[in-house]
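The values are calculated or read from the model by the stated rules, or taken from the named source; none is laboratory data. Remember, it's a predicted structure, so these values are computed and weren't measured experimentally. Counting neighbours? That spans all protein chains shown, and the Cβs are built from the backbone with ideal geometry, glycine included. Calculation scope for accessible area: heavy atoms of the full protein, side chains included, ligands and nucleic acids excluded. Shrake-Rupley method; radii C 1.70, N 1.55, O 1.52, S 1.80 Å.
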Amino acid sequence: MTAHRCLFANGDLRGKRVLVQGGAGAVGNAAILLAKWAGAWVAATVSRKEQAEVARAAGADLAINRHEEDIGSAVKLATEGRGVDRIVDVDIAANIDVAIVCLARDGVVSAYSTESPQAKLTIPFFPALLGGFSFRFVYVYTMPEAAMRQAAEEISACATSGSYVPQIVKTYPLNAIAEAHEFQKSGKAVGKVLIELQNS
């Protein structure tokens, strides 16, 4: 629902260009899957090779290693200088300069997380003003009820269509739930960690 709100709060995505910052994460990967289902072109940033594979498997048209490539240059090259209409951002305080470079005219950044609760966001005023950029902050627990209903309906439609197929990295039995949680927290899980419910 977080990914859905970030993508669709500003309308339809068909024919739009989207940048997902953190395309192998839970929200980022969901954003790729939903955006492709909705007819968008999608670029995603990743930190390592296996994450790029996960982003591409979800449908990303372009996977950018943020440690090895200049994100702004890669996005501008891939979009023939136009930039992206939407950005789904996992840490806008750290990524604001990239957002300003990557956004197309009237582009929107939707931010849903940050590395630090004390993070402060400094927006370069004139570039944002001249670009007509908008900034949205998404917290799933305070989403309007209508947005939750829309998300539930459209995520279900995406799943029903067969387009929502996240990568499963590992499945654990219910009695190993603590081990599954530790694996998820370790940062080594690139994809979904599932718990298999056993019949009693």
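Take the residues of segment 181-200 that are touching a Pro at 6+ places or on another chain (Cβ under 8 Å) and in a loop (DSSP other than H, G, I, E, B): which is surrounded by the most Cβ atoms within 10 Å (Cβ to Cβ)? The residue in question is Gly191.
Looking only at segment 150-180, count every residue that is open to solvent by 60 Å² or more (accessible area, probe 1.4 Å) and either farther than 14 Å from Ala26 by Cβ or in contact with a Cys (Cβ under 8 Å, 6 or more places away or on another chain) (or both) and tell me the total.
The qualifying residues number 14.
Counting only helices (runs of 4 or more DSSP H) that fall entirely inside segment 4-80 and contain at least 1 residues that are closer than 21 Å to Thr160 by Cα, the qualifying elements are 26-37, 49-58. Just give me the residues in segment 88-111 being among the β-branched types (Val, Ile, Thr), touching a Gly at 6+ places or on another chain (Cβ under 7 Å) and in a strand (DSSP E or B), in sequence order. Val88, the sole residue that qualifies.
Screening the candidates Ala63, Ala38, Ala43, Ala94 for the property of being under 16 Å from the mean Cα position of the chain (by Cα) and open to solvent by 30 Å² or more (accessible area, probe 1.4 Å) yields one hit, Ala94. Would you say Glu115 is surrounded by fewer than 15 Cβ atoms within 10 Å (Cβ to Cβ), part of a helix (DSSP H, G or I) and among the acidic types (Asp, Glu)? Considered against the rule, which asks whether it is surrounded by fewer than 15 Cβ atoms within 10 Å (Cβ to Cβ), part of a helix (DSSP H, G or I) and among the acidic types (Asp, Glu), Glu115 comes out as no. Give me the residue from segment 4-29 that is of a type in the set (A, V, I, L, M) and touching a Phe, Trp or Tyr at 6+ places or on another chain (Cβ under 8 Å) and, out of that set, most open to solvent (accessible area, probe 1.4 Å). So the residue we want is Val27. If the condition is being under 22 Å from Arg86 (Cα atoms), modelled with pLDDT under 95 and in contact with a strand residue (DSSP E or B) (Cβ under 7 Å, 6 or more places away or on another chain), then segment 131-168 contributes only Pro166.
Every listed requirement among (1) closer than 26 Å to Ile195 by Cβ; (2) open to solvent by less than 40 Å² (accessible area, probe 1.4 Å); (3) of a type in the set (Gly, Ala, Ser) is met by Gly131 save one, (1).
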